[in-house]
Amino acid sequence: MFEFIQLLPPLLKFAACVLFVGLIALVALGAMSMLRRAWPPGLHAPNMVNTMLSGILLPTGMVIAFVAADIWQQDAKGHIAVEHEASAVVDVLRIAKFLPGDRRESVTGLIDDYIREVVENEWPFMATGRWSLVAENQLEALIIASVELEASTDQLGVRRAAEELRRYAQNIERARDDRLLIARSPGIMSAKGAVVLMLLFVAACVLCELHLSQRRPLVLSMLLFSLSFGATLYLIVSFDRPFMGTNQIQPESLSLLLIRG
């Protein structure tokens, strides 16, 4: 369900999150109404609920804050991985200038094919947690080429360039692994999301129990509950999967390298 919401435009995504929290509030209202009919409240019930409300909203807010911080940290790690990958690609292209002519053309051809494959094919794959085997093979071919060049030359400058080429190619590999790992992360669909939804339901139950006999406070509290926590859920969902949805990280740094002069 959250994957469907992530594909919506921002305004519709915000509305969907508010409606989703509102649905939780309605379910809580139905549950507490049935409970009140089956088990009427005693004289001290309102005081107990008032005490519980502050005690429940605090851990709910803290858990949501921790989940949001974790998700936003994943988004930042995704940006960093992409920038590290692009930086390593630039280093490979810079080192390629010091290679012999045929080797230089082979290396630049491999790295151009790798960038194109990542931008055009692997990036859409990441939205579903997959990766491109072609890009992986191209990167492996680049590392093998650097090792073969290092072993086959007696020229100190070329050998040194081959060593640097291998090191930067391995940097690309590590950055790509980080990017793919983040793309495959479950995000809010993990146990953390289940705990957040449970706490929202419990908080909604307390609000309903507190105002169940008063229509206006009940409606207002449910509306404010849906709007506030729906806005928070919107911020979480928007950055939950860094490489999926309308707010996904774009391969701009890598795309610019394809149109270099």
Q: Calculate one ³J(HN,Hα) per residue across the stretch 26-34 by plugging θ = phi - 60° into the Karplus curve 6.51 cos²θ - 1.76 cosθ + 1.60, and present them in order as whole Hz with x for glycine and proline.
A: 5, 4, 5, 4, x, 5, 6, 5, 5
Q) Rg(Cα) of the stretch 63-174 divided by 2.2 N^0.38 Å? A) 1.28
Q. Chymotrypsin sites (Phe, Trp or Tyr not before Pro) within the stretch 112-219: which are DSSP loop residues with at most 15 other Cβ atoms inside 10 Å?
A. none
Q. Hey, which aspartates and glutamates would be in cross-link range of residue 192, C-alpha to C-alpha under 14 Å, not counting anything within fewer than 8 residues on its own chain?
A. 70, 240
**Q.** Normalised contact order of the chain, rounded percent, pairs of Cα under 8 Å and 6 or more residues apart
**A.** 40
Q: Obtain the nm distance between the two label points defined at residue 184 and residue 54 by a simple spin-label model: each point lies 7 Å from its Cα along the Cα-to-C-beta direction.
A: 4.8
Q. Given (1) -0.37, -1.12; (2) -0.49, -1.08; (3) -0.38, -1.39, which label gives log10 I(q)/I(0) by the Debye sum over Cα atoms at q = 0.08, 0.16 Å⁻¹ as computed from the coordinates?
A. (2)
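A short reminder: the numbers here are calculations on the coordinates, not readings from a lab. Note that the structure is predicted; figures quoted are calculated from it, not measured. Every residue, glycine among them, receives a Cβ derived from its backbone with ideal geometry; neighbour counts consider all protein chains shown.
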